[in-house]
Amino acid sequence: MTNWIPDPTQGQGPLYARIADQIEQAIMDGVLSVGTKLPPQRNLAFDIGVTIGTVGRAYTLVRERGLVSGEVGRGTYVLDKPESRPAEQADPLTASLAGTRPINAPTGKLRFDSTAAPDVGQSATLEALLHDITREHQFDIASYARNFPDHWFEAGSQWLAKGNFRPAPDCIVPTLGAHAGAVAVIAAVTAPGDKIAFENLTYSQISRSAGLIGRRQVLMESDHLGLIPEDFERVCAQQHPKLAFLMPAAQNPTVVTLSLERRKAIVDIARRHSVWLLEDDLYGAMTGDPTPLLAELAPERTFLVGGLSKSVAAGVRGGWVACPPHFSQRIRIAHKMVSGGMPFLLAELCARLVLTGEGRRLRENGIAEIRLREQMARDIFSGLEFNSHPHVPFLWLKLPEPWLSGTFKNAALAEGVLVDDEDEFKAGRTDSVFHRARIGFSSPQNREEVRHGFQTLRRLLDSGRTGYDSFA
């Protein structure tokens, strides 16, 4: 926290503009350095003898200038100087679309802000498969993928199958990953201005993508057991969403898995209110959870998305959507419109990964590696509160006093570790504060890097107020 305060008697224009100008000048002069926390609005208003509304307008103005960032519960922090920022980060609108992660991740840092599949020797498998594809399909890889062979749909049917559920191949759409599939569904079954329901905390990049194409977000409340059906009912009755985006198993970032009872309640509510369900099972498919999918309980209104990014290889951009009957052509066309189309090379590669069994082998090896790393997390973070699953590549860590989520993220970055604060997963503006951070641990190349990162974070957490005050 800085001791610097502006002098409202200096400068020209309205009081709030003078205060904003002085804050900007102090940042440009280095008096307020990057990461400095500005005084709480109420405190500053008292110190300089103005109303809290005046200070609020001043803070809003410097935030619009791209000089500071601020959220409820975190405070207001000085960003790096605009002239030193990449052009895409200097634009506040671009920054709002990107979330709280940097567009270009800093080099030389441990990536605990990613959950891509761990390295278990994928390159050799991919090299062999790509060699065969380029030899057998010289013409196809030089052109557009205009005709989709049957085995692309069969691969999706196999990969998305779970328990007693297996979607028919004619309901499958190959996509450039689960994210692209989800956006294609949103584009196809909703219109600009329609509302989409999201859990308060979720994979918020879908929410931001929906906002980019003109859809509106409404938020649903969850508890320690997941989405609260009664709140879903409230949102449906009051807000009339067209679609709800859900992650019923190994929810990101909370790791919560919905019970069968809650899933049945959600399906019943969706039917009564004519709401489409978009089910993301990327992490759920890794857990072995036997609870029926929403797509099994309500096949007539559920779009199921899954892919290879978390369990096989993120770089191949492989995914599929299982659609309700008679919707696959609409989703396929929407996917082409929003993504540019499915490249033959990647679609064929992903299909072969599944149909040869190599994808499942790599997934099993990846899960075995994740299991070892998750056990390491349990050992190193023993005594702290967190949610995790042996097959899921992240944990949802409750921060001890006095840590705030954004402050901890900044402190971890200073120690060489990139983590995600809770704001990264907020689907919309909310007053809810959770004091948590998501720690992904699949991206570091080896277990020693994982151990070093975990130990660094544990030391930071154990430093208590000493560590906190260095960044507050």
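Sparse packing (at most 16 other Cβ atoms within 10 Å of the Cβ) combined with a DSSP loop state is found for the following GluC sites (Glu not before Pro) in the stretch 273-317: E300. When the Cα atoms of the stretch 94-197 are aligned to their principal axes, the ranges along those axes come out at 43, 42, 36 Å in descending order. Would you please give the FRET efficiency between F46 and T356, computed as 1/(1 + (r/R0)^6) with r the Cβ-Cβ distance and R0 = 45 Å, to the nearest 0.05? With R0 = 45 Å, the Cβ-Cβ based efficiency is 0.05.
Computed over neighbours whose Cβ is under 13 Å from that of L308, the net charge equals +4, Lys and Arg +1, Asp and Glu -1. Label-to-label distance, R458 versus K109, with points set 7 angstrom from Cα along the beta-carbon direction: 2.3 nm.
Stokes-Einstein at 25 °C, 0.890 mPa s, Kirkwood radius from Cα pairs: D for the chain in µm² s⁻¹? So the translational diffusion coefficient is about 103 µm²/s. For E154, the shell of other residues with beta-carbons less than 15 Å away shows a net charge of 0, using +1 for Lys and Arg and -1 for Asp and Glu.
Sorting R146, R458, R216 by solvent-accessible area of protein heavy atoms yields R146, R216, R458, largest first, with a 1.4 Å probe. Based on protein heavy atoms only, the stretch 354-472 ends up with 42 Å² per residue of surface accessible to a 1.4 Å probe.
Relative contact order of the chain: 20 percent, from C-alpha pairs under 8 Å at least 6 residues apart in sequence. For the set K398/K426; K162/K242; K162/K310; K242/K336; K242/K310, the pairs lying more than 24 angstrom apart at their alpha carbons are K162/K242; K242/K310. Our analysis of the stretch 322-472 gives Rg over Rh at 1.09, with the two radii drawn from alpha carbon positions and Rh computed by the Kirkwood formula.
The share of C-alpha pairs in the stretch 9-66 whose separation exceeds 18 Å stands at 27 percent. Excluding R216 itself, what net charge comes from residues whose Cβ is under 13 Å from its Cβ, given Lys and Arg +1 and Asp and Glu -1? Once positives and negatives cancel, what remains is +4.
Compactness of the stretch 238-388, taken as the C-alpha radius of gyration over 2.2 N^0.38 Å, stands at 1.18. Taking the protein heavy atoms of the chain in the context of the full set of protein chains, the accessible area attributed to carbon and sulfur is 51 percent at 1.4 Å.
Using all pairs of distinct alpha-carbon atoms, the Kirkwood hydrodynamic radius of the stretch 271-331 works out to 12.7 angstrom.
In Å², what does the accessible area per residue of the stretch 175-293 work out to with a 1.4 Å probe?
34
Principal axis extents of the C-alpha atoms in the stretch 144-229 (largest first, rounded to whole Å): 41, 33, 17.
The values are calculated or read from the model by the stated rules, or taken from the named source; none is laboratory data. What you see is a predicted model; the values in this text were computed from it and never measured. Don't worry about glycine lacking a Cβ; one is built from the backbone with ideal geometry, like all the others, and counts go over all protein chains shown. Side chains included, ligands, DNA and RNA excluded: accessible areas come from the protein's heavy atoms. Shrake-Rupley method; radii C 1.70, N 1.55, O 1.52, S 1.80 Å.
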